[in-house]
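This report concerns only the one structure given below.
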Amino acid sequence: MAELHTITKTTQSSDQSEVCHSSEIVTNQKADVRNEESTFSKAIRTMTLVCVWISMGTYMEINGPTLKDLVLRTGSSYEDVTGSVSGRSVGKFVGVVIGGLLTDKFGRYCDLFIAVSLTVAAVSVSVIPWIHITDALWVFYLFLGITIGIIDIAGQRIVLVSWKERAASPMHIVHLGYGVGGFIAPLIANPYLAVTEKLVPNATNISNSNFSMIAPLIANPYLAVTEKLVPNATNISNSNFSMISTTLIPTSTIIDVKSPSRIEYAYFIAAGIAVIISGVLYLYQCKTLRSLSHKNKGNVDRKLAKSRKWREMINPASCADGHLLFGSLILVALFLKYFVYTACDRMFSTFIRSYSIDQLEFSNDDASYLNTIYWIFYAVGRFVGFISARWISVKFLLVVESVCLVCVSVGLYTVGTFSQTGLWILTGMAGFFIGPIFPSGIAWGDLHIELTGLAITWVLLGSSFGGLAFLRFGGYAYDHLGDKAFPFMLMILSIAVLGADAMLTALSLAKNRLTKTKVDSSTK
């Protein structure tokens with residue numbers, strides 16, 4: 001009986017083992033299904049963020065093709081208007097700080113933060129074309145800056161947490177949306193732009209009907225020193241004024257508006273896109289909160305919902321596995337990189353249309369198409385980055401992009417100052433290499449340290465300061481030093497971008513030494 005009991009017990013144990021093994025297989029299969037569903041969910045969420053970036057690119061870059069119209073509407077200079085546009089950099093400074101704190105403490109509401117930001121942006125964009133005071137214009141660009149700061153932090157944090165070490169390609173495809181939006185913006189704006197013409201600043205033949213504009217200059221007793229106004233006119237008859245010297249015309253340019261500006265329609269379209277996408281994000285937030293209420297769902301959302309302590313949020317060591325020195329150096333280098341990169345990006349997208357008209361006498365339509373070419377290649381560059389980041393290390397891509405940008409900027413400073421064909425080609429190349437730099441830098445940073453909400457905040461603060469400092473300075477230089485100041489500043493800024501990437505590469509190579517020093521000292 002004892003023997004029979006033992007055998008029976010052993011048989012039962014074997015059966016139970018097979019049942020447990022079968023249960024384990026079923027559990028693993030269910031886990032695989034959940035993982036597939038999670039991957040699909042992440043892909044859908046990433047594509048939603050692409051649409052968000054498209055909207056952001058549209059309403060943020062609409063100011064580039066409409067810059068001349070804003071100057072006309074406000075009756076001010078390029079310096080004043082670009083100074084107002086630079087308010088978005090101040091706003092981005094505020095926005096990234098708010099966004100960093102919110103995403104680290106209330107990460108489960110990232111979709112809501114993005115949706116509210118898009119709603120605020122839609123209202124601000126709708127109002128901008130009706131404002132004729134540059135100080136008030138600055139305030140609404142401030143609001144726009146706050147929205148892009150929050151969207152940048154919340155959106156990029158979602159991508160980094162969702163995809164982890166595979167975030168390089170998704171980061172490029174998300175930022176590709178901004179390039180698509182920038183490409184759409186000139187197409188939306190072009191039908192509503194003012195058609196202007198310079199009033200014969202270099203004319204050698206002025207008809208009698210137009211003499212009423214210049215007659216006061218001859219008759220005015222306060223302009224008795226005629227050598228300054230008419231240095232070459234030695235014989236002017238009273239009956240025929242058709243041969244007046246060109247220097248009789250004042251040196252300041254007179255603009256004749258042939259067709260009035262209707263840019264409010266373009267701004268309304270940009271605002272409408274933001275409203276539609278914000279509605280999608282409001283619905284997505286409801287889905288996110290429902291998924292968090294189930295134990296077996298919302299794995300990515302639970303990572304976002306993790307709340308950090310204040311000490312962890314502000315300590316660079318928490319981003320670099322406890323290595324304070326390495327984490328601090330990486331964050332400082334990324335700050336400098338985005339400071340000069342954003343200045344370069346904003347300078348090009350803001351001034352290229354005006355530069356092509358003023359320096360190379362492009363027509364209004366051709367100048368708008370040139371701006372469109374820039375954004376097409378800007379988006380193409382990010383798409384190529386999305387593809388190449390799957391097989392090529394982002395460490396290598398970072399250096400290649402900045403080296404090529406320097407070469408293009410040198411070409412703009414030389415060939416781009418006198419050749420229309422050269423400017424077309426170089427503008428496309430500039431967009432191709434400027435576009436992928438931003439996502440490549442973020443992906444590079446997350447590869448070396450964990451980019452938490454406040455870590456991304458710190459990086460984007462460099463971006464805010466760069467746009468704030470150089471956009472207004474660029475407007476001042478354009479007004480006072482001439483339009484050729486534009487390619488010169490681009491060349492200097494692109495060289496600075498290369499220098500920042502060289503610093504990042506050196507830190508990457510020295511990572512083992514820096515972190516090993518920290519480990520050894522703690523061991524002792």
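The values are calculated or read from the model by the stated rules, or taken from the named source; none is laboratory data. Here the structure is a predicted model, which means the values were calculated and not measured. Cβ atoms come from the backbone with ideal geometry, glycine included; neighbour counts cover every protein chain shown.
Some observations on this one:
- Test: residue in region 487-494 that is touching an Asp or Glu at 6+ places or on another chain (Cβ under 6 Å) and either surrounded by 16 or more Cβ atoms within 10 Å (Cβ to Cβ) or more than 22 Å from Ser402 (Cβ to Cβ) (or both): no
- For region 346-389, the tally of residues that are more than 27 Å from Val50 (Cα to Cα) and more than 20 Å from the chain's Cα centre (by Cα) stands at 13.
- Some residue of region 362-383 being of a type in the set (D, E, K, R) and either buried (at least 22 other Cβ atoms within 10 Å of the Cβ) or farther than 26 Å from Tyr78 by Cα (or both): yes
- Residues satisfying the stated conditions in region 441-499, i.e. outside any helix (DSSP H, G or I) and not charged (D, E, K, R): Ile449, Leu451, Thr452, Leu481, Gly482
- Per the listing Phe418, Phe465, the residue uniquely surrounded by fewer than 19 Cβ atoms within 10 Å (Cβ to Cβ) and more than 24 Å from Ala379 (Cβ to Cβ) is Phe418.
- Taken as a whole, the condition of being over 23 Å from Tyr265 (Cβ atoms) and either in the same structural domain as Phe268 (by TED's automatic domain parsing) or in contact with a His (Cβ under 8 Å, 6 or more places away or on another chain) (or both) applies to Leu176.
- When Leu137, Leu142, Leu112 are checked against the criterion of being of a type outside the set (Asp, Glu), crowded, with 19+ Cβ neighbours inside 10 Å and without any contact (Cβ under 8 Å) to a residue 60 or more places away in the chain, Leu142 stands alone in meeting it.
- A single entry from Leu142, Leu176, Leu160 fulfils the requirement of being over 15 Å from Ser124 (Cα atoms) and over 13 Å from the mean Cα position of the chain (by Cα): Leu160.
- Condition check for Ile425: outside any helix (DSSP H, G or I) and either of a type outside the set (Phe, Trp, Tyr) or out of contact with any strand residue (DSSP E or B) (no Cβ under 7 Å at 6 or more places or on another chain) (or both): no
- Any hit, region 465-478, residues being within 18 Å of the chain's Cα centre (by Cα) and at pLDDT 80 or above: yes
- For region 88-103, the criterion of being over 19 Å from Gly466 (Cα atoms), of a type in the set (Ser, Thr, Tyr) and assigned by TED's automatic domain parsing to the domain that holds Gly279 is met by at least one residue.
- Residue check for Gly83: at positive phi and at pLDDT below 85: no
- Condition check for Asp366: farther than 23 Å from Ala500 by Cα, among the acidic types (Asp, Glu), in the same structural domain as Gly182 (by TED's automatic domain parsing) and in contact (Cβ under 8 Å) with a residue 24 or more places away in the chain: no
- Residues of region 50-66 classified as assigned to a loop (DSSP other than H, G, I, E, B) and either polar (S, T, N, Q) or not assigned by TED's automatic domain parsing to the domain that holds Ser169 (or both), total: 2
- Among the residues of region 389-414, those identified as farther than 17 Å from Gly431 by Cα and assigned to a helix (DSSP H, G or I) are Val394, Lys395, Phe396, Thr414.
- Taken over region 425-451, the criterion of being surrounded by fewer than 17 Cβ atoms within 10 Å (Cβ to Cβ), over 23 Å from Gly466 (Cβ atoms) and not β-branched (Val, Ile, Thr) is satisfied by Glu450 alone.
- Residue check for Ser76: closer than 25 Å to His480 by Cα, without any contact (Cβ under 8 Å) to a residue 60 or more places away in the chain, in a loop (DSSP other than H, G, I, E, B) and more than 14 Å from the chain's Cα centre (by Cα): yes
Condition check ((1) over 23 Å from Tyr192 (Cβ atoms); (2) at pLDDT 85 or above) across all residues:
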site: Thr48; (1), (2): yes, yes
site: Ile54; (1), (2): no, yes
site: Gly57; (1), (2): no, yes
site: Leu67; (1), (2): no, no
site: Gly75; (1), (2): no, no
site: Tyr78; (1), (2): no, no
site: Arg88; (1), (2): no, no
site: Lys92; (1), (2): yes, no
site: Gly95; (1), (2): yes, yes
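- Filter pass, Ile434 being modelled with pLDDT of 90 or more, closer than 23 Å to Ala168 by Cβ and out of contact with any His (no Cβ under 9 Å at 6 or more places or on another chain): yes
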